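Please read through the structure below; I'll follow up with questions.
The values are calculated or read from the model by the stated rules, or taken from the named source; none is laboratory data. All of these numbers come straight from a predicted model, not from anything done at the bench. Virtual Cβ from ideal backbone geometry, glycine too; neighbours counted across all protein chains shown.
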């Protein structure tokens, strides 16, 4: 800077420098905009270019989970109408528990007798706990009118579907690295409360026990099981999902025509229209990064 | 330096003394130097606990502490039109010609600038911070900034990085933004008279101990540096949520010519570095935001915000340390940064602002429409209501009923100062 002050009278103008010290740069106004303006700006650095087919295949997990929830609602409806009695429900519970456990064991990587024993013990405690709490759930909402219960259940299920973590599972397999996120916890809680509300409308305690066990099994462990299937083989996951979707559509059709139309509309939107729309609006994405960003620490803060 | 007309400036911000910080210092020093140049400066801010009403500071600087309580982080509650009567009264009483707002985060600043534009005054805005673009808070902040800057006469930023950031956030044309950095009062920051012992090196860290100021980096760096250089002593000043981590680290490790460490994760313009350099200390800093522009390369050692890189930078600094002469650094700082220079450059911005043409309401509304499909129309609506409210106030409380304040001239004081600073300006040329 000192040298360029002496050169003020020379014909060649000193170059503009991107510095803040030394006062006004001679020959340049303070609002001078150099060609190097915004040259450090990086646009859309972390934006991923998406492929339509891949997005459609990934959206199959979403529609698979929507079908699982639809099946649960079906079972609830049939139970509330007394089409299922408690023995068939208990049978359903045992079959589901067995099948889910079987799939989990097949696809688990690290398996030892101790781990197996701990799982069996936990499941035993879980079932016992639900059994002893079912009298409480039986009389929980006796003073609340039915429409409130249906409305509340419907909103909680919608909340559950919106906030659900479709890429992994909230209940993690042992050895999983990330913690569950805040929204996935909220969605899990919403589904549990919805199942308890429905269970409290049932006639006998055994009904309550069976339904609560069924609902909790599905909401807690179905994401884990489908995550295991997906991890094991993608084709198996696709077959399982399409089979599930077909079965769900069939059963819902038998229940009610309008609900069938609604469900198929949702599935078409999630699988076909959704990915297309996402890719169309991706071209408007404008992410700006530059020297003004807060620096990211490259180490983990261990408290 | 031609003899221009003297301006009457209103500085508006939520942040002023007795609150302490970079923006507050900037407003105060800039106002003092502008008063020395012969302009009249009035400051408007909100009341701080009992400090409410009109106060006079050094040099006849008049400060209006408007009696509103701050509601969040020293910001007044945004009421859109609630500030119009008081702003109008102040502008007419003091015969203000130009309004200068500071800091995008200050709600009082945005409201005052909006009212000043409605009433036809010229408006200058200075931005002191860097913001991101991705999270919810930044997106809303940037929209508010876009509203204010859609119709500002001129804008000032404190560093070139800050100019890029402001232009991107608000969509202003770059020619409207002037870069005038902060400065440091070198008379207050002088090197220590005696030299410390050669054997021991003292590293000072003074900052708020929060995540944003890089306190976690400090926790990683200190044990490593103490291990590599046993003769280094760290002195840490400041407090904050991360203090616990630092104390834990201190328990784990054991542990005059000195150097100064600044490890912030983002800085628009770092005054702490200038103060350190003015005291003759060698500074080690992270290369973030506007920091690389602030000092020449031989007065500061820069590093990436990575613990290994910082340790290497501190090692380099320790090797350079014997060659540093604090007095020479202090003298050099006096030439590099000077508040009178800042005031003069700001005066040029004011002259430009006052030469811009006045626009009527319709022309100004057309500037708000491009802000967005919905936002543009909303902003226009806000300005139209402001305009109507102003007209109503003019009917209810006419301009001629507002008493005009007579000026106080501190003549002896001014003459000494103008003689001194014209010498300094010659030196800068």
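So that you can scan it fast, the table gives a plain yes or no per residue for (1) within 25 Å of residue B:279 (Cα to Cα); (2) at pLDDT 80 or above; (3) crowded, with 20+ Cβ neighbours inside 10 Å:
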| position | (1), (2), (3) |
| --- | --- |
| B:206 | yes, no, no |
| B:227 | no, yes, no |
| B:241 | no, yes, no |
| B:248 | no, yes, no |
| B:253 | no, no, no |
| B:258 | yes, no, yes |
| B:262 | yes, no, yes |
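Right, next: Against the conditions (1) within 9 Å of another protein chain (Cβ to nearest Cβ); (2) within 20 Å of the chain's Cα centre (by Cα), where does residue B:134 fall short? Just the number, please.
(2)
Quick one: count up the residues across segment B:70-91 that are closer than 20 Å to residue B:393 by Cβ and surrounded by fewer than 18 Cβ atoms within 10 Å (Cβ to Cβ).
So the count comes out to 8.
Starting from segment B:203-226, keep only residues that are closer than 20 Å to residue B:317 by Cα and within 12 Å of chain A (Cβ to nearest Cβ), then list their pairs with residues that are assigned to a strand (DSSP E or B) and at pLDDT 85 or above whose Cβ atoms are within a distance under 8 Å, requiring at least 6 positions of separation or different chains.
B:214/B:286; B:217/B:286
With the structure loaded, tell me whether residue B:357 is modelled with pLDDT under 95, within 22 Å of residue B:153 (Cβ to Cβ) and either outside any helix (DSSP H, G or I) or in contact with a strand residue (DSSP E or B) (Cβ under 8 Å, 6 or more places away or on another chain) (or both) or whether it fails that test. It would help to see each step written out before you state the result.
Values: modelled with pLDDT under 95: yes; within 22 Å of residue B:153 (Cβ to Cβ): yes; either outside any helix (DSSP H, G or I) or in contact with a strand residue (DSSP E or B) (Cβ under 8 Å, 6 or more places away or on another chain) (or both): yes.
Criteria met by residue B:357.
Any residue in segment B:65-78 that is within 14 Å of chain A (Cβ to nearest Cβ) and touching a strand residue (DSSP E or B) at 6+ places or on another chain (Cβ under 8 Å)? Show your work before the answer.
First pass over segment B:65-78, keeping only residues within 14 Å of chain A (Cβ to nearest Cβ): none.
The answer is no; no qualifying residue exists.
Taking the options A:265, A:257, name whichever one is surrounded by fewer than 16 Cβ atoms within 10 Å (Cβ to Cβ), more than 14 Å from chain B (Cβ to nearest Cβ) and modelled with pLDDT of 95 or more.
Values: A:257 fails: modelled with pLDDT of 95 or more.
That would be A:265, the only listed residue that is surrounded by fewer than 16 Cβ atoms within 10 Å (Cβ to Cβ), more than 14 Å from chain B (Cβ to nearest Cβ) and modelled with pLDDT of 95 or more.
Quick one: how many residues across segment A:134-145 are more than 30 Å from the chain's Cα centre (by Cα) and either surrounded by 15 or more Cβ atoms within 10 Å (Cβ to Cβ) or not in a loop (DSSP other than H, G, I, E, B) (or both)?
Total meeting the criteria: 3.
Further question on the same structure: Looking only at segment A:239-251, count how many residues are under 24 Å from the mean Cα position of the chain (by Cα) and closer than 17 Å to residue A:78 by Cβ.
Within segment A:239-251, the first condition is being under 24 Å from the mean Cα position of the chain (by Cα), and the residues that meet it are A:239-249.
Retained after the next criterion (residues that are closer than 17 Å to residue A:78 by Cβ): A:247-249.
Qualifying residue count, segment A:239-251: 3.
Is segment B:326-341 home to any residue that is within 13 Å of chain A (Cβ to nearest Cβ), touching a strand residue (DSSP E or B) at 6+ places or on another chain (Cβ under 7 Å) and closer than 21 Å to residue A:18 by Cβ?
no
Between B:124, B:158, B:177, which is surrounded by 19 or more Cβ atoms within 10 Å (Cβ to Cβ), within 11 Å of chain A (Cβ to nearest Cβ), within 30 Å of residue B:68 (Cα to Cα) and touching a strand residue (DSSP E or B) at 6+ places or on another chain (Cβ under 8 Å)?
B:158
Would segment A:222-237 turn up any residue that is farther than 30 Å from residue A:39 by Cα, within 14 Å of another protein chain (Cβ to nearest Cβ) and surrounded by fewer than 12 Cβ atoms within 10 Å (Cβ to Cβ)? Spell out how you get there, then give the answer.
So the first thing to find is which residues in segment A:222-237 are farther than 30 Å from residue A:39 by Cα, and the list is A:222-237.
Now drop any that are not within 14 Å of another protein chain (Cβ to nearest Cβ), which leaves none.
No, segment A:222-237 contains no residue that is farther than 30 Å from residue A:39 by Cα, within 14 Å of another protein chain (Cβ to nearest Cβ) and surrounded by fewer than 12 Cβ atoms within 10 Å (Cβ to Cβ).
Restrict the check to segment A:60-76 and report whether at least one residue is more than 19 Å from the chain's Cα centre (by Cα), over 30 Å from residue A:291 (Cβ atoms) and not in a helix (DSSP H, G or I).
no
Among the numbered criteria (1) more than 14 Å from chain A (Cβ to nearest Cβ); (2) over 27 Å from residue B:331 (Cβ atoms), which single criterion is violated by residue B:200?
Looking at each condition in turn, residue B:200 falls short on (2).
What about residue B:236, is it surrounded by 17 or more Cβ atoms within 10 Å (Cβ to Cβ), touching a strand residue (DSSP E or B) at 6+ places or on another chain (Cβ under 9 Å) and closer than 23 Å to residue B:287 by Cα?
Criteria met by residue B:236.
Taking residue B:140 and the conditions (1) away from chain A (no Cβ under 14 Å); (2) surrounded by fewer than 24 Cβ atoms within 10 Å (Cβ to Cβ); (3) within 19 Å of the chain's Cα centre (by Cα), which numbered condition does it fall short on, given that it satisfies the others?
For residue B:140, the failing item is (3).
Right, another one. Residue check, residue B:322 against (1) away from chain A (no Cβ under 14 Å); (2) under 29 Å from the mean Cα position of the chain (by Cα); (3) in a helix (DSSP H, G or I), all met but one. Which one?
Residue B:322 satisfies all of (1) away from chain A (no Cβ under 14 Å); (2) under 29 Å from the mean Cα position of the chain (by Cα); (3) in a helix (DSSP H, G or I) except (2).
Another question about this same structure. Scanning segment B:164-174 for residues that are under 18 Å from the mean Cα position of the chain (by Cα) and at the interface with another protein chain (Cβ under 7 Å from one of its Cβ atoms), which turns out nearest to residue B:130 (Cα to Cα)?
B:165
Yes or no, residue by residue, for (1) touching a helix residue (DSSP H, G or I) at 6+ places or on another chain (Cβ under 7 Å); (2) modelled with pLDDT of 85 or more:
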{"residue": "A:23", "(1), (2)": "yes, no"}
{"residue": "A:56", "(1), (2)": "yes, yes"}
{"residue": "A:81", "(1), (2)": "no, yes"}
{"residue": "A:99", "(1), (2)": "no, yes"}
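Just to be sure before I move on: is residue A:38 out of contact with any strand residue (DSSP E or B) (no Cβ under 7 Å at 6 or more places or on another chain) and assigned to a helix (DSSP H, G or I) in the structure I sent?
Here the answer is no, as residue A:38 does not meet what is asked.
I've got another one for you. Kindly provide the set of residues from segment B:281-295 that are more than 8 Å from chain A (Cβ to nearest Cβ), crowded, with 24+ Cβ neighbours inside 10 Å and assigned to a loop (DSSP other than H, G, I, E, B), ordered by number.
Scanning segment B:281-295 gives a single hit, B:281.
Listed residues A:259, A:244; which is over 22 Å from residue A:54 (Cα atoms) and assigned to a helix (DSSP H, G or I)?
Just a single option satisfies the conditions, and that option is A:259.
Would you mind finding the one in A:251, A:219 that is surrounded by fewer than 19 Cβ atoms within 10 Å (Cβ to Cβ), in contact with a helix residue (DSSP H, G or I) (Cβ under 7 Å, 6 or more places away or on another chain), more than 14 Å from chain B (Cβ to nearest Cβ) and part of a helix (DSSP H, G or I)?
Working: A:219 fails: surrounded by fewer than 19 Cβ atoms within 10 Å (Cβ to Cβ).
Unique residue meeting the criteria: A:251.
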